[in-house]
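Visitor: Take a look at this one; I'll ask things after.
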Amino acid sequence: MDANNSINAYPLCVDLDGTLIKTDSIMEATILAIKSNPFLIFLLPFWIIKGKNYFKYHILEIAKPDAELLPYNEDVINIIKAAKSEGRKTVLTTASLESVAIDVNDYLGLFDELIFSSENHNNRSKNKTNTLNDKFGKSNYDYIGNSNADLEVFASSRKAFLVTNSKRLISKAQKLNSNLDIIHTDTHFFKNLIKEMRLYQWIKNVLIFLPILLAHEFTDITAITNSIIAFFCFSFTASFIYIINDLLDLESDRNHKKKCRRPFASGKLNPVPAFSISFVLMLASLLVAIFYLPNDFDLILLFYLLLTTLYSVYLKKIVIADIITLAVLYSTRIIAGGEISKLPLSKWFIAFSLFMFFSLAIIKRYTELKNLIKQNKTKIKGRGYETDDMKLLLTLGTSSGYISVLIFLLYIFSPAVSMLYNNPLYLIPVSILLLAWITNMWFKAFRGEMNEDPIVYTVKDSFSYVLIVLIILFIILAMI
């Protein structure tokens, strides 16, 4: 037997979760199951107590990830393809169940044999090692794995491939198998966690400071300090909801041109520790609010948490209800700022906010539909809108935006203005500038030149910066 034939005699055995795919199939099945029936979360602890296999079996009876949408590791796939081109046998050996292994192989078509768990047998660690040794003989197969659970298999394999960035895990594996290759990943946890928390979205929570600015209470240190604390409470709570939302939207995000690059959708971030850290930060925010901020703010923050959760789970799927919810959530930040600073909010301003934010929420949906046309699609996956709705959304959105400007103009001539501004007529140019801004936003959306979040777009838009500077200038002139 020549050297080449000798190498070809060794089958290549490949782990699934965290190796061939960048995520965990059972974890994704669990998320899909909870999404289909949220009350299932109360049963999960009892299933886990009965054992991992029992848990896997019952979860996969309810839901199963779409093999076509899973994030695959291209480096691993290339190694498998190279082995097949050499005439070597390829084996998928996974701790997941038969149905998942079959679906993955039906999609990829790369494996000659499948080894998987059953309800009474967990194909993991020592069990996997024993199965491979019995089938091929110790040191008579190559193996690709990614975790501590694979170390026993590495010790029994001829050649090992380790998919990881962990120096500690690499050191352990090298001691067990000197014939080891490292397949580095792009899963830098904290970098991807920060990205997943979407710190850039925290700009929305600056709305909390608006009541202080509008009331000209620039010297109230207590109100300013409390507003800063409230800003971070809202921000960490919002990040927690973003994580829940992205976990529930895994499949729809993977179908999206841009959202498929998000840390969860791309498989770059492990959901379990990410969710745990975010949950702790959110819980800490609630505790800080309870002990240090006014009771009314605590209720508003809790309302925000519940409404955003309800939006992520249910309301975002309902036409119109979703954009009304977004408008309410924006306005909630302003109301929270009023409670923090103990400054009464003008009814005019609340009305202005609702109509303005309703318009911006519609821009978000309109832009998503605009992008669908570029992809030759007609419906937003996980939403209730179709491209045929664009004309109606355009009418509703522009009308709402212009109504908000009208409300602001009427406010200028109300008795309340004279109590805050010495020269309220300087606010008339502000209404014109607002009219220019909302018109520009809709022009950008209509031309397909806007990101899917109008607030984030505003932060990056130079024209918006010019208008904001001019608005501030005229407000100062109205004050003096």
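The values are calculated or read from the model by the stated rules, or taken from the named source; none is laboratory data. Note that the coordinates shown come from a computational prediction; the quantities given were computed from them, not determined experimentally. Quick reminder, even Gly has a Cβ in these numbers, built from the backbone with ideal geometry, and neighbours come from all protein chains shown.
Visitor: Take region 287-301 and flag every residue that is assigned to a helix (DSSP H, G or I) and over 15 Å from Ile334 (Cα atoms).
Guide: Leu287, Val288, Ala289, Ile290, Phe291, Tyr292, Asn295
Visitor: Being part of a helix (DSSP H, G or I) and either hydrophobic (A, V, I, L, M, F, W, C) or not assigned by TED's automatic domain parsing to the domain that holds Asp150 (or both) is the filter; apply it to region 170-190 and report the residue that is surrounded by the most Cβ atoms within 10 Å (Cβ to Cβ).
Guide: Per the stated criteria, the residue is Ala173.
Visitor: Of the conditions (1) of a type in the set (A, V, I, L, M, F, W, C); (2) loosely packed, with under 12 Cβ neighbours inside 10 Å; (3) in contact with a strand residue (DSSP E or B) (Cβ under 8 Å, 6 or more places away or on another chain), Leu70 clears all except one; give me its number.
Guide: (2)
Visitor: Restricting region 401-450 to residues that are assigned to a loop (DSSP other than H, G, I, E, B) and of a type in the set (D, E, K, R), which is nearest to the chain's Cα centre (by Cα)? Outline the logic, then answer.
Guide: In the first step, residues of region 401-450 are kept if they are assigned to a loop (DSSP other than H, G, I, E, B); the result is 413-414, 419-423, 447-450.
From what's left, of a type in the set (D, E, K, R): 447, 449.
Details: Arg447: 27, Glu449: 23 Å.
Filtering region 401-450 for residues that are assigned to a loop (DSSP other than H, G, I, E, B) and of a type in the set (D, E, K, R), the one nearest to the chain's Cα centre (by Cα) comes out as Glu449.
Visitor: A further question on this structure: Quick one: in region 191-209, which of the residues that are of a type in the set (D, E, K, R) and in a helix (DSSP H, G or I) is surrounded by the most Cβ atoms within 10 Å (Cβ to Cβ)?
Guide: Glu196
Visitor: Could you give every pair whose Cβ atoms fall below 7 Å, whose first residue belongs to region 293-315 and is without any contact (Cβ under 8 Å) to a residue 40 or more places away in the chain, and whose second residue is of a type in the set (Lys, Arg) and surrounded by fewer than 18 Cβ atoms within 10 Å (Cβ to Cβ), counting only separations of at least 6 or pairs across chains?
Guide: none
Visitor: Within region 473-480, is there a residue that is under 22 Å from Tyr200 (Cα atoms), in a loop (DSSP other than H, G, I, E, B) and not assigned by TED's automatic domain parsing to the domain that holds Leu326? Step through it out loud before you land on a result.
Guide: Initial filter on region 473-480 (under 22 Å from Tyr200 (Cα atoms)): none.
Within region 473-480, none of the residues are under 22 Å from Tyr200 (Cα atoms), in a loop (DSSP other than H, G, I, E, B) and not assigned by TED's automatic domain parsing to the domain that holds Leu326.
Visitor: Take region 359-385 and flag every residue that is at pLDDT 75 or above and of a type in the set (Ser, Thr, Tyr).
Guide: Answer for region 359-385, where residues must be at pLDDT 75 or above and of a type in the set (Ser, Thr, Tyr): Ser359, Tyr366, Thr367, Tyr385.
Visitor: Please specify each residue of region 451-463 satisfying the condition of being surrounded by fewer than 19 Cβ atoms within 10 Å (Cβ to Cβ), part of a helix (DSSP H, G or I) and not aliphatic (A, V, I, L, M). I'd like the intermediate steps shown before the answer.
Guide: Initial filter on region 451-463 (surrounded by fewer than 19 Cβ atoms within 10 Å (Cβ to Cβ)): 451-453, 455-456, 459-460, 462-463.
Narrowing the set further to residues that are part of a helix (DSSP H, G or I) leaves 455-456, 459-460, 462-463.
Once the filter is applied, which keeps residues that are surrounded by fewer than 19 Cβ atoms within 10 Å (Cβ to Cβ), part of a helix (DSSP H, G or I) and not aliphatic (A, V, I, L, M), region 451-463 yields Lys460, Ser462, Phe463.
Visitor: Where residues in region 307-348 are assigned to a helix (DSSP H, G or I), small (Gly, Ala, Ser) and within 25 Å of Leu434 (Cβ to Cβ), which of them is farthest from the chain's Cα centre (by Cα)?
Guide: Taking the candidates together, the pick is Ser341.
Every residue, every condition in (1) at pLDDT 90 or above; (2) in a helix (DSSP H, G or I), yes or no:
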{"residue": "Ala223", "(1), (2)": "no, yes"}
{"residue": "Asn226", "(1), (2)": "yes, yes"}
{"residue": "Phe232", "(1), (2)": "yes, yes"}
{"residue": "Phe240", "(1), (2)": "yes, yes"}
{"residue": "Ile243", "(1), (2)": "yes, yes"}
{"residue": "Lys257", "(1), (2)": "no, no"}
{"residue": "Ser276", "(1), (2)": "yes, yes"}
{"residue": "Phe279", "(1), (2)": "yes, yes"}
{"residue": "Ser285", "(1), (2)": "yes, yes"}
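Visitor: Take region 137-169 and flag every residue that is closer than 19 Å to Leu16 by Cα and assigned to a helix (DSSP H, G or I).
Guide: Asn148, Ala149, Asp150, Leu151, Glu152, Val153, Phe154, Ala155, Ser156, Leu169
Visitor: Of all residues being hydrophobic (A, V, I, L, M, F, W, C) and over 12 Å from Lys128 (Cβ atoms) in region 9-25, which is farthest from the chain's Cα centre (by Cα)? Just the residue, please.
Guide: Within region 9-25, the match that is farthest from the chain's Cα centre (by Cα) is Ala9.
Visitor: In this structure, is Ala83 among the aliphatic types (A, V, I, L, M) and within 31 Å of the chain's Cα centre (by Cα)?
Guide: Answer is no for this residue.
Visitor: Can you tell me which of Ala361, Ala351 is more than 23 Å from the chain's Cα centre (by Cα) and not in a loop (DSSP other than H, G, I, E, B)?
Guide: Ala351
Visitor: Which condition number does Ser414 fail, the rest of (1) in contact with a strand residue (DSSP E or B) (Cβ under 8 Å, 6 or more places away or on another chain); (2) more than 30 Å from Lys258 (Cβ to Cβ); (3) of a type in the set (Ser, Thr, Tyr) being met?
Guide: Ser414 satisfies all of (1) in contact with a strand residue (DSSP E or B) (Cβ under 8 Å, 6 or more places away or on another chain); (2) more than 30 Å from Lys258 (Cβ to Cβ); (3) of a type in the set (Ser, Thr, Tyr) except (1).
Visitor: Shifting gears a bit: Could you count how many residues in region 127-136 are free of Cβ contacts under 8 Å to residues at least 24 places away in the same chain and either under 17 Å from Asp17 (Cβ atoms) or assigned to a strand (DSSP E or B) (or both)? Explain how you work it out, then say what you get.
Guide: Keep residues of region 127-136 that are free of Cβ contacts under 8 Å to residues at least 24 places away in the same chain, which gives 127, 130, 133-135.
Cutting the leftovers down to either under 17 Å from Asp17 (Cβ atoms) or assigned to a strand (DSSP E or B) (or both) gives us 127.
The total comes to 1.
Visitor: Could I ask something else about it? Which pairs turn up if I take residues in region 389-417 that are surrounded by fewer than 19 Cβ atoms within 10 Å (Cβ to Cβ) and look for partners that are in a loop (DSSP other than H, G, I, E, B) and at pLDDT 95 or above with beta carbon separation below 7 Å, at least 6 apart in sequence or on another chain?
Guide: Pairs that qualify, where the first residue is surrounded by fewer than 19 Cβ atoms within 10 Å (Cβ to Cβ) and the partner is in a loop (DSSP other than H, G, I, E, B) and at pLDDT 95 or above: there are none.
Visitor: For Tyr304, are the conditions met, namely being surrounded by fewer than 21 Cβ atoms within 10 Å (Cβ to Cβ) and part of a helix (DSSP H, G or I)?
Guide: It is false that Tyr304 is surrounded by fewer than 21 Cβ atoms within 10 Å (Cβ to Cβ) and part of a helix (DSSP H, G or I).
Visitor: State the number of residues belonging to region 307-342 that are among the hydrophobic types (A, V, I, L, M, F, W, C), at pLDDT below 90 and surrounded by 18 or more Cβ atoms within 10 Å (Cβ to Cβ).
Guide: Total meeting the criteria: 1.
Visitor: For Asp142, indicate whether it is under 35 Å from the mean Cα position of the chain (by Cα) and in contact (Cβ under 8 Å) with a residue 40 or more places away in the chain.
Guide: Taking the combined requirement at face value, the residue does not satisfy it.
Visitor: Go over the candidates Ile80, Ile48 one by one and state the one that is out of contact with any Asp or Glu (no Cβ under 8 Å at 6 or more places or on another chain), more than 27 Å from Asp253 (Cα to Cα) and surrounded by 19 or more Cβ atoms within 10 Å (Cβ to Cβ). Reasoning before the result, please.
Guide: Details: Ile48 fails: surrounded by 19 or more Cβ atoms within 10 Å (Cβ to Cβ).
One residue alone meets the criteria, Ile80.
Visitor: What residue, among those in region 86-124 that are under 33 Å from the mean Cα position of the chain (by Cα) and acidic (Asp, Glu), is surrounded by the most Cβ atoms within 10 Å (Cβ to Cβ)?
Guide: Result: Asp103.
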